[in-house]
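Please treat every number below as a calculation from the coordinates, not as lab data. Just so it is clear, the model here is predicted, and its values are computed rather than measured. Every residue, glycine as well, gets a Cβ built from its backbone with ideal geometry; the counts of neighbours run over all protein chains shown.
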Amino acid sequence: MNKLIIIIICIFNISVSAQEELAKDILEKLKLATESYKNITTEFIFVFENTSQKIKEQQEGNLIVEQEKFRLEMNGQTIINDGETQWVYLNDLNEVQIMENDPEDETMSPNRLLTIYEEKYKYNYVESISEDGKRLHIIDFFPKERQEFIKINIAVNALKNQLERIILYDKNGGTYTYSITSFIINKNDKPFTFNIMDSTNIEIIDLR
């Protein structure tokens, strides 16, 4: 570290501590607000980008979360998880893969994002910005140990205590951005199970 006078170091350390406390307070409010809903239905735009490889792909999707259950529809597939069993339905192939739920697999549990700061990541408050007429809190997460993503950045609506955007950074220079375009609470009417009888001539791959 560059040689700085002691007083500047002390002020910097106080600032970092305050930033951590502010981030924790925002995350706790986000978690409490989210847990107070019976379910959440969101629509989002997903963008994967890797500048060095000249890749940029965009898709739209929707996600329904209810406690440990979720239903994700994106890119021609539907992933349904009821907390015990997971179904992955591929539209083009008319195929469904059935497997047991893995509670340790973070990629298969979107709602675990709300508790990562308690477990495998440290966090830091970055800034408050105004975007499209909304005040957003920007918070960064960094893994305490080696993880698939080297950094996660989230934007939280300061007024509503709701997620607006999530950006994940991998070690190969790729970024995965989820921008939420619609956020509806307590209005889900879709099941968290896959009914095989709803599809004709479906191929079933049971991996349990």
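Here are a few things to note about the model shown:
- Size check on segment 17-105: the Cα extents along the three principal axes, sorted descending, read 52, 39, 24 Å.
- Fully extending the segment from residue 144 to residue 56, taken as 0.36 nm per residue of separation minus the present Cα-Cα distance, adds 28.8 nm.
- Two-site FRET efficiency, residue 185 against residue 29, from Cβ-Cβ distance with R₀ of 22 Å, rounded to 0.05: 0.90
- Segment residue 196-residue 74, length gained on full extension (0.36 nm per residue, minus Cα span): 42.0 nm
- For the residue pairs 56/190; 122/160; 38/134; 29/187; 54/187, the C-alpha atoms sit more than 30 angstrom apart in 56/190; 54/187.
- Net lengthening on full extension, residue 122/residue 19 (0.36 nm per residue, minus Cα-Cα): 35.9 nm
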